[in-house]
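Some notes on the structure that comes next.
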Amino acid sequence: MKKIIYWGIGISIIVLLGYVSYKFFFDCKSTLGEFDHVFILEDLMDYVKIEDEAIVKLIKIEDNRCLEESCEREGQQLVKVLVLNDNRVSYVSLGTLSETKKEIEKLGYIIELDSIKDDGVYMKLSKVEK
């Protein structure tokens, strides 16, 4: 009886890992982009390949804006992306008010949040000048 339970748990874990892998790697839209040009990420998990060198993947958008009239603060939208290059990965968080531009030192890139609109997130990736 214990073997059946262990088999069921093992199969459930494998199915769950397969589903998460599918959603993360395959159930998304891929586009091509260029360095120093604005690109758009429309939905969560979409990614852009920048000149076959880097990949920028949209992970999460948080809306912390205060939309009520009685609010004392403005709030901001936060965008969280993964930037990949060869075997290096960097998790970057950018906001509409706080940090719209960030240098990723270990990858040698500068990522910039241009704007967030209804049709997607507009960003730009540049190489660091040496």
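The values are calculated or read from the model by the stated rules, or taken from the named source; none is laboratory data. Please read all numbers here as calculations on a predicted model, not as lab measurements. Note: ideal-geometry Cβ built from the backbone for every residue, glycine included; neighbour counts use all protein chains shown. Ligands, DNA and RNA are stripped out before the accessible areas are found, and what is left, the full protein with its side chains, is counted by its heavy atoms. Shrake-Rupley method; radii C 1.70, N 1.55, O 1.52, S 1.80 Å.
Tally the residues that are in a helix (DSSP H, G or I) and either exposed (fewer than 10 other Cβ atoms within 10 Å of the Cβ) or not polar (S, T, N, Q) (or both), restricting the search to the range 1-37.
Matching residues across the range 1-37 total 23.
Out of all the residues in the range 82-130, which are of a type in the set (A, V, I, L, M, F, W, C), surrounded by 16 or more Cβ atoms within 10 Å (Cβ to Cβ) and part of a loop (DSSP other than H, G, I, E, B)?
LEU107
Looking at LYS127, LYS29, can you tell me which residue is among the charged types (D, E, K, R) and in contact (Cβ under 8 Å) with a residue 40 or more places away in the chain?
Criteria check complete, one pass: LYS127.
Just for the range 67-81: of the residues that are open to solvent by 40 Å² or more (accessible area, probe 1.4 Å) and not basic (Lys, Arg), which one is modelled with the highest pLDDT?
So the residue we want is GLU74.
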